[in-house]
Amino acid sequence: MINHERLDNLLIELIKIDSLSRKERAVAMRLQREMESLGAAVFIDDAGEKVGGDVGNLIAHFPGTAAHAAPLLLSAHMDTVVPGEGITPIRNGDILRSDGRTVLGGDDKSGVAIICEALRVIRENNLPCGAVDVVFTICEEAGLIGAKCLDVSRLRARTGLVLDSDSIGFLFTKAPASNRMEFRVHGLEAHAGMCPEKGINAIQVAAEGIAGMRLGRIDHETTANIGVVEGGMAVNIVPNQVILRGEARSHSQEKLDRQTAHMRQCLEEAATGHTLELDGKRHTARVEAKVERNYDRMDVPDSAPIVTLVHSAAKRLNLEVKTLATGGGCDANVLNQKGLVVANLSTGMRDIHTVNEWLDLNDLHFSARIVLEILRLNAAG
Ligand SMILES: [Zn+2]
């Protein structure tokens with residue numbers, strides 16, 4: 001029942017509308033028209049003002065015809081990563097790519113297009129369907145901040161799906177919690193040639209600290225990274241400050257806390273090893289640490305009704321969808337944190353966040369069929 005051509009065309013149309021994070025207005029306006037033409041009441045929330053963007057999250061309420069069916073949430077994000085302006089999708093058979101200068105934006109326009117097509121099929125065939133809340137978020141790629149601003153009391157649904165992942169045939173039910181860290185390592189400035197003994201080299205302190213850190217893959221459920229190093233003024237100045245930015249992720253809260261403390265401790269230990277006495281005053285390198293929770297973990301049990309609904313829908317189509325844990329975070333982390341039960345269904349996007357991003361339209365159709373079947377099965381009770 002999914003109209004492949006219509007779905008493909010909508011995806012391509014959406015991809016051609018620029019929508020970098022905080023600049024999603026044009027695509028939101030297009031989707032508002034789409035949702036209203038399908039009979040939904042559409043609201044745009046105030047998340048745009050809160051994050052300094054040009055539009056908020058789009059919330060569409062479909063009343064539904066099957067009154068006994070539990071309301072379902074379907075969500076995808078409207079923003080894309082850089083380079084993502086002037087995207088020119090190129091179709092070769094069933095494969096869609098960019099022209100190599102930008103990402104494709106299948107992340108997450110594929111999820112958006114699938115939701116629109118499934119609801120259009122319901123509408124044009126007058127199929128029974130429960131109430132559906134569609135949420136198209138802003139600024140997912142900027143740190144899930146659109147979803148963080150979403151007031152879930154505006155939703156009737158307490159469970160549902162985010163369509164925003166790349167491994168086709170998989171439903172992501174577990175995702176790690178993540179901490180974001182900023183470390184400011186303070187040394188002491190001095191002339192590097194005339195009096196280096198009066199300085200404490202913050203770059204060296206930071207380097208020693210990093211060298212002692214366990215980073216990368218820590219264990220099967222924990223990862224850590226130092227991703228940004230900024231510091232130093234000139235080659236002839238002993239640098240007095242370095243800023244390090246990093247993150248840690250884990251499916252276990254305890255391991256996340258331990259890894260975060262370990263990274264901080266490595267730097268603090270390195271700092272205590274760098275002291276000097278100057279004009280009767282003792283100077284020691286020091287570290288200022290700022291740690292914040294980026295997002296909480298997602299842990300939807302296999303027994304959750306939304307998971308069994310996805311399994312049953314796939315089975316009725318003779319398809320298979322397996323549950324899986326991911327190392328990434330998405331809006332589903334935030335929605336689960338806000339008390340909803342939301343899993344993340346794949347859409348067919350591949351090699352995302354690179355200019356080599358591509359998508360097999362057959363995968364897109366696969367996901368759309370499952371979403372449609374989920375809506376039908378949910379209405380059937
Ligand atoms: Zn995404």
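For region 230-246, the set of residues classified as crowded, with 17+ Cβ neighbours inside 10 Å and under 25 Å from the mean Cα position of the chain (by Cα) consists of Leu244, Gly246, listed by residue number. Looking only at region 340-369, residues that are within 19 Å of Leu10 (Cα to Cα) and of a type in the set (Val, Ile, Thr) come to 1 in all. Taking the listed residues Leu317, Leu309, Leu267, Leu375, the one that is of a type outside the set (Phe, Trp, Tyr), surrounded by fewer than 20 Cβ atoms within 10 Å (Cβ to Cβ) and more than 16 Å from the ligand (Cβ to nearest atom) is Leu317, with no other qualifying. In this structure, Leu119 does not qualify as in contact with a strand residue (DSSP E or B) (Cβ under 8 Å, 6 or more places away or on another chain), within 20 Å of Leu345 (Cα to Cα) and within 16 Å of the ligand (Cβ to nearest atom).
Of all residues in region 320-335, those satisfying the criterion of being crowded, with 19+ Cβ neighbours inside 10 Å and within 16 Å of the ligand (Cβ to nearest atom) are Thr326, Gly329, Cys330, Asp331, Ala332, Asn333, Val334, Leu335.
Taking region 269-295 as the range and being among the charged types (D, E, K, R) and on the phi < 0 side of the Ramachandran plot as the test, the residues that pass are Glu269, Glu277, Lys281, Arg282, Arg286, Glu288, Lys290, Glu292, Arg293. Contact map, region 334-347: residues that are on the phi > 0 side of the Ramachandran plot paired with residues that are open to solvent by 10 Å² or more (accessible area, probe 1.4 Å), Cβ distance under 9 Å, separation 6+ or inter-chain. Pairs shown: Gly339/Val152; Gly339/Arg158. Scanning region 353-381 for residues that are touching a strand residue (DSSP E or B) at 6+ places or on another chain (Cβ under 9 Å) and of a type in the set (Val, Ile, Thr) returns Ile370, Val371, Ile374. Within region 101-116, residues that are closer than 13 Å to Leu31 by Cβ have Cβ atoms under 8 Å from residues that are open to solvent by 10 Å² or more (accessible area, probe 1.4 Å) and within 9 Å of the ligand (Cβ to nearest atom) in these pairs: Asp108/Glu140; Asp108/Asp164; Gly111/Asp164, counting only partners at least 6 apart in sequence or on another chain.
For region 145-175, filtered to residues that are at pLDDT 95 or above, open to solvent by less than 20 Å² (accessible area, probe 1.4 Å) and part of a loop (DSSP other than H, G, I, E, B), the residue that is farthest from Lys315 (Cα to Cα) is Leu150.
A quick yes/no check of all residues on (1) open to solvent by less than 10 Å² (accessible area, probe 1.4 Å); (2) β-branched (Val, Ile, Thr); (3) within 15 Å of the ligand (Cβ to nearest atom):
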{"position": "Thr65", "(1), (2), (3)": "no, yes, no"}
{"position": "Met78", "(1), (2), (3)": "yes, no, yes"}
{"position": "Val82", "(1), (2), (3)": "no, yes, yes"}
{"position": "Gly86", "(1), (2), (3)": "no, no, no"}
{"position": "Arg97", "(1), (2), (3)": "no, no, no"}
{"position": "Thr102", "(1), (2), (3)": "yes, yes, no"}
{"position": "Gly105", "(1), (2), (3)": "yes, no, yes"}
{"position": "Ala113", "(1), (2), (3)": "yes, no, yes"}
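Among the residues of region 341-353, is any away from the ligand (no atom under 16 Å from the Cβ) and either part of a strand (DSSP E or B) or surrounded by fewer than 20 Cβ atoms within 10 Å (Cβ to Cβ) (or both)? Within region 341-353 (the criterion being away from the ligand (no atom under 16 Å from the Cβ) and either part of a strand (DSSP E or B) or surrounded by fewer than 20 Cβ atoms within 10 Å (Cβ to Cβ) (or both)), the answer is yes, since at least one residue qualifies. Residue-level analysis places Ala261 outside the set of residues that are surrounded by 20 or more Cβ atoms within 10 Å (Cβ to Cβ) and not acidic (Asp, Glu). Taken over region 126-141, the criterion of being away from the ligand (no atom under 16 Å from the Cβ) and not charged (D, E, K, R) is satisfied by Asn126, Leu127, Pro128, Cys129, Gly130, Ala131, Val132, Val134.
The values are calculated or read from the model by the stated rules, or taken from the named source; none is laboratory data. On a predicted model such as this, the values are computed, not experimentally measured, just so you know. Glycine also receives a Cβ, built like all others from the backbone with ideal geometry; neighbour counts cover every protein chain displayed. Surface accessibility is based on the protein's heavy atoms, side chains included, excluding ligands, DNA and RNA. Shrake-Rupley method; radii C 1.70, N 1.55, O 1.52, S 1.80 Å.
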